[in-house]
Amino acid sequence: MLDLPRNSGILAIGLLVGSVSNAEPDTYIRAGAIIDVAAGEILDNRIIAIEDGAIAAVTLSTGAPVPTGAEFIDLSGYTVLPGLIDAHTHLLSDSDDHGLNSLVVSLPEATINGVKNAATTLQAGFTTVRNVGAPGYADVALRDAIAAGEVAGPRMLVSGPPVGITGGHCSDNNLLPYEYGVTETGVADGPWEIRQMVRQNVKFGVDLIKTCSTGGVLSAGTRLDAIQYTLEELEALVDEAHAHGRKVAVHAHGNAGIRNAILAGADSIEHASFLSDDVIELAKEHGTRFVMDIYVTEHILTEGEANGVLPESLDKEREVGAIQRESFSQAHAAGVAMVYGTDSAVYPHGDNARQFSRMVQFGMTPAEAIRSATVSAADLLGVGDQVGRIAAGLQADLVAVSGNPLEDISILEQVEFVMKGGVVYKQP
């Protein structure tokens, strides 16, 4: 059940950050400890002062009284972190909408699902998400409704319909036969059609462009190693997106498709399952981030059949799951920049934090895993001056847990306090 904001008259503010005012802070939080995510250190006994939804100061707790009229929140028994960031979500889809089940989901139903799933994701401690694929620009409407305080949810950066090839993984519907004449919104073939589709997405308000350079697990009739879009086409897409100030997220499993996306200038590679040593080095050379969803394989293989996942998709997941985790370990060991992204909707929304323990299991320290979902994710999303750390001038997006996640990362699966923009949405 959703915990409503304590200050019901205060709207959840959007992504723009104003300067910290000279007025007295209106909220004070006493934290037993905070995590300096950049340094990976615990800082004990801190006071976080908040003014108009932004952090005004972080100081040592001296026991001085809170000014009269200010709200006081006692989290002295908790560890406080910046709000978490998931860079690969699908809030308008549900985990049982796979395969043939997807054909009965209307645009209005998807939009309603988005409102529900946004609230669930916020309750799990994820105060910012990058939503990479949604029908009918409904994700744009959801983003704006959240920013206006009309519904509860994380700050959203959204891609609208993914751009991709005819019959491709992320852009077309391959389940209906020819006589239905169905082609999905994002289909574009050839450099100029691709540029037009990017321009259309920009016209309707997207924050980034999503595309696919290989097939995918959950689409019918696509192969994981098959290239989707030539290098020339990807270069046109990235060039057009960057000209409009939009970053590009590229779904890619196969090594050749990953290489093409990096060479084209993609900002992030989603999944990055089959990696050769030279492609790993290429990613480092270009500064390309990898967003690798290494939790979902467990859910697909245990719950997928009941949720409508096609037999061919189950076979593809059996092929790729273990290899992707090996690739994660190799890429991290080599020093590729890694960002937290989970592919929510493949598994139930709200379980986003389950991936932390897998990232540690396959090579990261807890501090590195947390950094991937805070400062590193904020940097990829282009909002590092607004969220991702507990520091003066940034938004008061905070979560709290019992215990020390630098010692037991699974603690993050049980977030007990959530604040976004200075508004409390969940409390112990």
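The values are calculated or read from the model by the stated rules, or taken from the named source; none is laboratory data. These figures come from a predicted structure and were not determined experimentally. Note that each Cβ is placed from the backbone with ideal geometry, even for glycine, and that neighbours are counted across all protein chains shown.
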Here are S357, S344, S327, S410: which of them is more than 14 Å from the chain's Cα centre (by Cα), among the hydroxyl-bearing types (S, T, Y) and closer than 26 Å to I209 by Cα? S327
The residue that is modelled with the highest pLDDT, considering only those in region 181-204 that are small (G, A, S) and surrounded by fewer than 24 Cβ atoms within 10 Å (Cβ to Cβ), is G190
Scanning region 280-327 for residues that are touching a strand residue (DSSP E or B) at 6+ places or on another chain (Cβ under 8 Å) and either polar (S, T, N, Q) or within 15 Å of D343 (Cβ to Cβ) (or both) gives T288, F290, V291, M292, D293, Q324
Considering residues of region 386-398 that are among the hydrophobic types (A, V, I, L, M, F, W, C) and within 22 Å of G149 (Cβ to Cβ) only, the residue surrounded by the most Cβ atoms within 10 Å (Cβ to Cβ): A396
Within the group V375, V383, V401, V418, which residue is closer than 19 Å to E51 by Cα and buried (at least 16 other Cβ atoms within 10 Å of the Cβ)? V418
Could you tell me which numbered condition H349 fails, if it satisfies all but one of (1) crowded, with 20+ Cβ neighbours inside 10 Å; (2) in contact with a helix residue (DSSP H, G or I) (Cβ under 7 Å, 6 or more places away or on another chain); (3) more than 25 Å from I209 (Cα to Cα)? (3)
Can you tell me which residues in region 24-39 are outside any strand (DSSP E or B) and over 27 Å from the mean Cα position of the chain (by Cα)? E24, P25, D26
Inside region 281-302, can you point out the residues that are over 22 Å from the mean Cα position of the chain (by Cα) and at pLDDT 95 or above? E281, L282, E285
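Being at pLDDT below 95 and assigned by TED's automatic domain parsing to the domain that holds I209: is that true of V320 here? Write out each step before concluding.
On the way: at pLDDT below 95: yes; assigned by TED's automatic domain parsing to the domain that holds I209: yes.
Yes, satisfied.
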H244 passes all but one of (1) surrounded by 24 or more Cβ atoms within 10 Å (Cβ to Cβ); (2) under 23 Å from the mean Cα position of the chain (by Cα); which number fails? (1)
Can you tell which of A333, A306 is over 22 Å from the mean Cα position of the chain (by Cα), closer than 13 Å to D97 by Cβ and of a type in the set (A, V, I, L, M, F, W, C)? A306
Would you mind telling me which numbered condition in (1) over 18 Å from the mean Cα position of the chain (by Cα); (2) surrounded by fewer than 24 Cβ atoms within 10 Å (Cβ to Cβ) D207 fails? (1)
What are the pairs with Cβ atoms under 8 angstrom where one residue, in region 281-298, is part of a helix (DSSP H, G or I) and the other, located anywhere, is buried (at least 16 other Cβ atoms within 10 Å of the Cβ) and among the acidic types (D, E)? Sequence gap at least six, or different chains. V296/D343; T297/E317
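Residue-by-condition table, conditions (1) under 18 Å from the mean Cα position of the chain (by Cα); (2) surrounded by fewer than 21 Cβ atoms within 10 Å (Cβ to Cβ); (3) at pLDDT below 95:
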{"site": "S95", "(1), (2), (3)": "yes, no, yes"}
{"site": "S102", "(1), (2), (3)": "no, yes, yes"}
{"site": "G114", "(1), (2), (3)": "yes, no, no"}
{"site": "A118", "(1), (2), (3)": "yes, no, no"}
{"site": "V132", "(1), (2), (3)": "yes, no, no"}
{"site": "P135", "(1), (2), (3)": "yes, yes, yes"}
{"site": "I146", "(1), (2), (3)": "yes, no, no"}
Do you know which residues across region 88-111 are of a type in the set (D, E, K, R) and either closer than 28 Å to S268 by Cβ or in contact with a Lys or Arg (Cβ under 6 Å, 6 or more places away or on another chain) (or both)? D94, D96, D97
Would you mind listing the strands (runs of 3 or more DSSP E) fully within region 190-278 where at least 2 residues are on the phi < 0 side of the Ramachandran plot and without any contact (Cβ under 8 Å) to a residue 12 or more places away in the chain? none
